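This report refers to the structure that appears directly beneath it.
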Amino acid sequence: MARTIAEINEKIKKGRAVVVTAEEVIGIARKKGVAAAAKEIDVVTTGTFGPMCSSSAYMNLGHTKPRMKVGGGRVYLNDVPAYTGVAAVDIILGATAMPDDDPKNKIYPGEFNYGGGHVIEELVAGKDIRMIASGYGTDCYPRKKLETLININTINEAILFNLRNAYQNYNVAVNVSSRMIYTYMGVLKPRLGNANFCSAGQLAPLLNDPLYKTIGIGTRIFLGGGVGYVAWHGTQHNPSAPRTKKGVPTRGAGTLAVIGDLKQMKAKWLVGTSFLGYGATLTVGIGVPIPVLNEEILEYTLVTDADILAPVVDYSDAYPNRKPDVLAEVSYADLKSGKINVGGKDIPTASLSSYPGAVEIATTLKEWISSGRFLLSEPVAPLPGVEAGIKLKALEERPLP
Amino acid sequence: MKVAKKIVLHFPQQTIDKPVVSGLIREFGLDFNILKASISPGEEGLMIMELTGEQKDYNRGIKYLREAGLEIQYLSQDVWRNDDRCTHCGACIAMCPTRAFTLEEKTRRVLFDNSKCIVCELCVRACPPRAMELKF
């Protein structure tokens, strides 16, 4: 049994492709067997909806009259600073950027109620954004100051470009210390008071294609409620992470860099997010279709929460001090049961990634494909796999001369 | 008929030095359980309590508190969830001391039972999309 992406697309165009979600495929294969399921199913859809740092948007604002070079100057969008050091009127807004006058953690723990992620959400929602810009003025760009409203519909381009999303597996965060800590994995109560995890588990894109056999550069995806593409492997992409026999990583491993036109995305799937005592970011919805090219590919999509193990890491000491210590390995089935046991202690668990959101994304993508409005793309290059031998580097400091 | 209701008492500055709450036991035979209190001299105070007793006594007790100059609200109105912002992640669940949040097993949607809420506000700032809102 083997089929090509081109053959699948022919079926999609005719409205005859069999598309199921990564959750549904598990039951189908159990009932009918792997071979029959692989023969029947053309595409398996995945989904994830969680806070994803390394998200950003870049924009081209259009030129004022007289012209102004924002590049090298400063731009604020609803008081959140954007990066200007690229050209005259192109700017990049990062999800974790905060207003200059936000107290951040000076009043600990800071609330971080409004940052770059929130601006991206409001921009996508079609709301007017207050822009205040200053530049130094040149002969060709004489203007030095600008205060105006901008709107996503009236600027040239607005592109979501996320450098690292859709982490293939992730740490389970706990706090061994005796005081409350505030982390990017949420609020962690002292003495192992709670454990937070952040993956869609059996629905997560890269856990259903653990060795990157179908997802590659150029893969068309669901991104923020619209259509996007895998642009590259994400930063910190680490295919060399330890894996189970079936190839499923047991640590944070692969990541995706994704890109897409923000103008066709939806605020429902790009939600400004605040982590008490940590910062602001963006909760991003991503769904990746997996073409069932053969039985082996289908078999990877049968991964269940019980098959996926994640490391329990102490965020009061091990994580901040970059110690490799792992307190335990637990499965997503354990995590989703509401409690895990670490060293004889039951710890209540909670997810930062939305499973209902992941289900809705995988289901939406399934409908798009079934109805013929979303065709699969042929990746133009693969993501670096295990054979690439990538070794994740730490920053080893060197004294300045 | 016995009733048990959670109420929020706002003490204006001038009432803080008076022993108002103890009158509920002494004069109306009501029981109360203080869930949260922040009362400091010279500032407006706030107390959240569950008030239990016969309906008739409860009504008289409430009237007594109002006449003593306190403002009364019913608790369930105080923390609410903005369903448009909730992403159903679950970050609130372990934070809540009274287990007002639960996961619906099949869908893994987060349910909020505000009759269990004691307005400690831990969820308000722990909620990443800031879906839990305080309403006064």
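A short reminder: the numbers here are calculations on the coordinates, not readings from a lab. Fair warning: this is a prediction, and the values are worked out from it, not measured in the lab. All Cβ positions, glycine included, derive from the backbone under ideal geometry; neighbour counts span all protein chains shown.
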The cysteines in the protein assembly as shown that find no other cysteine Cβ closer than 4.7 Å to their own Cβ are A:Cys53, A:Cys140, A:Cys198, B:Cys86, B:Cys89, B:Cys96, B:Cys117, B:Cys120, B:Cys127
Within the set B:Lys18, B:Lys63, B:Lys36, GNM on chain B using Cα springs under 10 Å gives the largest fluctuation to B:Lys18
Computed ³J(HN,Hα) along segment A:38-46: with the Karplus parameters 6.51/-1.76/1.60, θ = phi - 60°, integer Hz and x for glycine or proline, the list is 5, 5, 7, 8, 9, 9, 10, 9, 10
The ³J(HN,Hα) series, computed from each phi in segment A:305-313 with the Karplus coefficients 6.51, -1.76 and 1.60 at θ = phi - 60°, rounded to the nearest Hz and given as x for glycine or proline, is 4, 5, 7, 9, 9, 10, x, 8, 10
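Can you flag which of A:Lys31/A:Lys336; A:Lys336/A:Lys366; A:Lys127/A:Lys213; A:Lys323/A:Lys366 are past 30 Å Cα-Cα?
Numbers: A:Lys31/A:Lys336 24 Å; A:Lys336/A:Lys366 24 Å; A:Lys127/A:Lys213 40 Å; A:Lys323/A:Lys366 41 Å.
Going by Cα-Cα distance, A:Lys127/A:Lys213; A:Lys323/A:Lys366 fall outside the 30 Å limit.
Taking neighbour counts of Cβ atoms within 10 Å as a proxy for exposure, in what order, fewest first, do A:His233, A:His63 appear?
Numbers: A:His233 25, A:His63 14.
Final ranking by Cβ density, sparse to dense: A:His63, A:His233.
How fast does segment A:56-157 diffuse by Stokes-Einstein, in µm²/s, taking the Kirkwood radius from C-alpha pairs at 10 °C and 1.306 mPa s? Kindly include the intermediate steps, with their values, before the conclusion.
On the way: Rh = 14.0 Å.
Answer from the Stokes-Einstein relation: 114 µm²/s.
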At the level of C-alpha centres, the distance separating segment A:86-102 and segment B:87-136, in angstrom, is 32
Taking only C-alpha positions in chain B, Rg and Dmax in angstrom work out to 16.9, 52
Helix-only [θ] at 222 nm, chain B, -39500 (n - 2.57) per DSSP H run of 4+, per residue, nearest 500, equals -5000 deg cm²/dmol
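Grab the alpha carbons of the protein assembly as shown, take their convex hull, and tell me the volume per residue in Å³.
Numbers: hull volume 116.3 nm³, N = 537.
Taking the convex hull of the Cα positions in the protein assembly as shown, it is 217 Å³ per residue.
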In Å, the C-alpha Rg and Dmax of segment A:216-330 are 16.9, 47
Straight-line reach check, B:Lys63, cutoff 16 Å on alpha carbons, 8 or more apart in-chain or any other chain, hits among lysines -> B:Lys5, B:Lys6
Toy charge model, Lys and Arg Cβ at +1, Asp and Glu Cβ at -1: segment B:2-76 dipole around Cα centroid in debye, rounded to 20, equals 260
Going residue by residue through segment A:390-400, the Karplus relation 6.51 cos²θ - 1.76 cosθ + 1.60 with θ = phi - 60° gives ³J(HN,Hα) values, rounded to whole Hz and with x marking Gly or Pro, of 4, 10, 5, 9, 8, 8, 8, 6, 10, x, 6
Eigenvalues of the alpha-carbon gyration tensor of segment B:80-136, times 5 and square-rooted, give semi-axes in Å, largest first, of 16, 13, 10
Taking Cα atoms only, helix B:55-67 is inclined relative to the longest principal axis of chain B by an angle, in degrees rounded to 10, of 80
For A:Thr45, the residues 5 or more places away or on another chain with a placed amide H closer than 5 Å to its own amide H are A:Val20, A:Thr21, A:Ala22, A:Ile290
Per-residue Cβ contact counts at 10 Å, fewest first, order A:Asp90, A:Asp139, B:Asp83 as A:Asp139, B:Asp83, A:Asp90
Per residue convex hull volume, Cα only, segment A:263-378, in Å³ is 184
CD proxy, 222 nm, chain A: helix-only mean residue ellipticity via -39,500 (n - 2.57) per DSSP H run with n ≥ 4, per residue, nearest 500, stands at -4500 deg cm²/dmol
